[in-house]
1. So between THR244 and GLU325, what do we pick up on full extension, going 0.36 nm a residue minus the alpha carbon distance?
2. Long-range amide H contacts for ARG144: which residues qualify at under 5 Å (H placed 1.01 Å from N, peptide plane, sequence gap of 5 or more or a different chain)?
3. Dividing the Cα radius of gyration by the Kirkwood radius, what Rg/Rh value follows for segment 141-199?
4. With +1 on each Lys and Arg Cβ and -1 on each Asp and Glu Cβ, and nothing else charged, work out how big the dipole of segment 221-274 is about its Cα centre, in Debye to the nearest 20.
5. Provide TYR138, TYR132 ordered by accessible surface of protein heavy atoms (probe 1.4 Å), highest first.
6. Within the accessible area of segment 121-169, what % is carbon and sulfur when the probe is 1.4 Å and the other protein chains stay in place?
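The values are calculated or read from the model by the stated rules, or taken from the named source; none is laboratory data. This is a predicted model, so every value here is computed, not measured. Virtual Cβ from ideal backbone geometry, glycine too; neighbours counted across all protein chains shown. Side chains are part of the model used for accessible areas, which takes the heavy atoms of the whole protein and leaves out ligands, DNA and RNA. Shrake-Rupley method; radii C 1.70, N 1.55, O 1.52, S 1.80 Å.
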Amino acid sequence: MIENIGLSIQGIWNHKLRSLLTMLGIIIGIASIIAIVSTIKGTNEQIKQQLIGAGNNVVTVQLSQGTEPFEMQYTAKPEGVPVIDEDTRTRLAHVDGAVDASLYTQRTYVDGLVYYQNTGFTGTLRGIDSHYFGVNGYNVYLGRGFSATDYDSFRKVAILDQAAADGIFPGENPLGKVIEIKQEPFTVVGVVARSSSFEPKIETMDDYYTYLGGDSGAVYIPSADWPLVAQYDEPQMVDIQAATTDDMTAVGKDAADIINANLSVKEDSNLAYSSNDVLERARNLQQLANATNQQLVWIASISLLVGGIGVMNIMLVTVTERTREIGLKKAIGARKSRILGQFLTEAAVLTSLGGVIGVLTGIGLAQVVSRVSGSPTAISAPATALAVLFSMLIGIIFGLMPAVKAANLNPIEALRRE
């Protein structure tokens with residue numbers, strides 16, 4: 001085998017231009033496929049990050065009525081929906097694939113609830129537990145977070161995000177300032193910001209409120225103080241951090257099942273907890289993109305077929321050129337299998353070299369496409385290895401007929417041929 005590979009490389013080097021032209025179809029086909037696959041993979045990763053986020057992998061489970069989220073600010077407290085206790089939260093945090101879980105309540109439109117010096121705040125108000133900032137990837141960059149004493153003593157303290165701090169206190173330090181929430185004074189003790197640089201793609205109003213919560217940002221208070229806003233305890237929302245993006249769907253469904261087991265609602269109420277399966281949305285978009293791009297892969301594969309035909313043609317020419325050599329080898333005892341192996345190896349080496357050059361060209365082409373169009377690319381190691389193996393397979397398949405022809409030559413007639 002080693003000897004055959006050496007002879008093959010020597011033959012390719014002796015006919016450099018002819019070999020290059022023969023490999024051209026393979027190079028173009030492999031390069032096109034690698035570039036398309038890299039673009040597909042990069043686009044799919046971008047879809048995941050735009051819809052799901054980078055690093056947090058948080059899935060939200062909330063009370064829904066039918067297909068619509070149940071809005072507490074517009075309706076009375078639903079019957080048969082108990083408050084989620086700490087034991088249940090712990091169970092949710094230990095669901096397979098989960099890292100931690102947080103319970104919170106919120107009002108998306110709080111105009112008239114939050115004031116500072118008679119100026120209303122129109123962002124989001126949330127009553128959060130001690131796990132919320134960790135689950136959602138927030139860091140305190142000014143002041144402090146909520147302490148255990150804040151919850152135990154029902155302290156009226158608040159934390160703002162950057163947007164709320166800039167909107168309520170433009171150009172001022174918000175720490176120590178007092179805002180009014182439901183006519184109750186709350187002292188600002190901290191400001192938080194997301195720890196990641198994730199910038200979600202906002203395409204719908206659901207995306208807008210999921211990721212931004214309004215232009216004015218959010219105000220956070222301890223969950224223990226929420227009855228001051230709502231006048232009673234109410235069903236919470238749950239944010240669960242999954243270990244990986246791929247765990248989000250299963251984690252959300254398992255968590256919803258655990259919470260729904262504690263409900264005692266009427267059958268016609270259509271009330272149930274459900275997860276906002278953004279991973280499923282990402283998969284749907286990825287499938288749509290893949291369906292289009294796979295057609296391009298099949299089109300690019302046509303050039304591989306053309307390249308294979310070119311390999312067959314040049315190997316037939318090679319057999320004709322080396323007829324006397326084949327006759328001489330057979331005359332001194334070379335078996336058919338030896339002749340067959342030699343020419344199959346030469347065809348496989350030829351197309352494998354084309355495959356390697358095609359992979360490198362495809363990677364470069366993918367980078368060029370990325371820079372010109374602004375679309376991301378991600379090189380797939382399995383795809384590159386498969387491309388080289390596939391190109392070798394093409395050499396074996398299309399080189400088989402010329403190799404068989406060479407192996408079946410009559411040595412006497414081969415030696416007589418000029």
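1. 23.0 nm
2. When sequence neighbours closer than 5 places are left aside, the close amide H contacts are GLY190, VAL191.
3. 1.00
4. Computed about the Cα centre, the dipole is about 60 debye.
5. TYR138, TYR132
6. Carbon and sulfur together cover 48 percent of it.
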